[in-house]
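Please read the structure below before turning to the comments.
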Amino acid sequence: MEEKSRYFVVKQKAVPEVLLKVVEAKKMLETERALTVQEAADKVGISRSSFYKYKDDIFPFYDNTKGKTITLVVQMDDVQGLLSDLLHVVADYKANILTIHQSIPVNGVATLTLSVEVREDTGNVSSMLEELEELKGIHYVKILSRE
């Protein structure tokens, strides 16, 4: 059985240096459009393979996430009612759904891209993600972006 992701908030001093450098490289790539992954990795002092290994697993935490848009990628079984269950969890946390795109299922598995706005009355986003991952038929939930 596939292990579900868990989320932790840790102080910067407890995070390994390579992960902090991945965050730095990601920021460079967002702000310096002509920069390649190799150039950003070189500038921060990590290998390109380290960047790719960790890029989807670390994001800076902002206390002011309210008013932000979070885009999620969800891989899920093509089971009747599962999308409804997923959207119900999002609604329970009072996140505002902005966009939904579900791929055509292949071999009984679909990929869902979901953008939600985190508002003032939205509950704990980490708890929401954990609850989504616990739904039967969900393979994984990943944060694609945070704006």
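Structure above, values below:
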item: Count of residues meeting criterion [more than 10 Å from Ile46 (Cβ to Cβ), open to solvent by 50 Å² or more (accessible area, probe 1.4 Å) and not basic (Lys, Arg)] in region 10-19; result: 4
item: Flag if Ile143 is of a type in the set (A, V, I, L, M, F, W, C), farther than 27 Å from Thr31 by Cβ and in contact with a strand residue (DSSP E or B) (Cβ under 9 Å, 6 or more places away or on another chain); result: no
item: Any chance Val23 is among the β-branched types (Val, Ile, Thr) and within 18 Å of the chain's Cα centre (by Cα); result: yes
item: Unique residue being more than 12 Å from the chain's Cα centre (by Cα), open to solvent by less than 50 Å² (accessible area, probe 1.4 Å) and touching a residue at least 12 places away in the same chain (Cβ under 8 Å) when the list is Ile138, Ile58, Ile70; result: Ile138
item: Selection status of Tyr93, aromatic (Phe, Trp, Tyr) and over 14 Å from the mean Cα position of the chain (by Cα); result: yes
item: Single residue of Leu86, Leu82 found to be within 26 Å of Asn124 (Cβ to Cβ) and either over 17 Å from the mean Cα position of the chain (by Cα) or basic (Lys, Arg) (or both); result: Leu82
item: Some residue of region 42-54 being among the aromatic types (Phe, Trp, Tyr) and open to solvent by 80 Å² or more (accessible area, probe 1.4 Å); result: yes
item: Tabulated pairs, region 82-100, first within 20 Å of Thr111 (Cβ to Cβ) and surrounded by 15 or more Cβ atoms within 10 Å (Cβ to Cβ), second at pLDDT 95 or above and not aliphatic (A, V, I, L, M), C-beta under 6 angstrom, 6+ apart or interchain; result: Leu82/Gly137
item: Residue pairs meeting the criteria (Cβ under 6 Å; at least 6 apart or on separate chains; first within 16 Å of Glu147 (Cα to Cα) and open to solvent by less than 60 Å² (accessible area, probe 1.4 Å), in region 104-123; second basic (Lys, Arg) and in a strand (DSSP E or B)); result: Val118/Lys68
item: Region 7-25 residues that are touching a residue at least 24 places away in the same chain (Cβ under 8 Å) and under 17 Å from Ser49 (Cβ atoms), paired with ones that are open to solvent by 60 Å² or more (accessible area, probe 1.4 Å) and in a helix (DSSP H, G or I) (beta carbon under 6 Å, 6 or more apart); result: Leu19/Tyr54; Val22/Tyr54
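The values are calculated or read from the model by the stated rules, or taken from the named source; none is laboratory data. Keep in mind it's a predicted model, so treat the numbers as computed, not measured. Methodologically, a virtual Cβ is constructed for each residue, glycine included, from the backbone with ideal geometry; neighbour enumeration extends over all protein chains shown. Accessible surface is based on the protein model in full, side chains and every heavy atom, while ligands, DNA and RNA are left aside. Shrake-Rupley method; radii C 1.70, N 1.55, O 1.52, S 1.80 Å.
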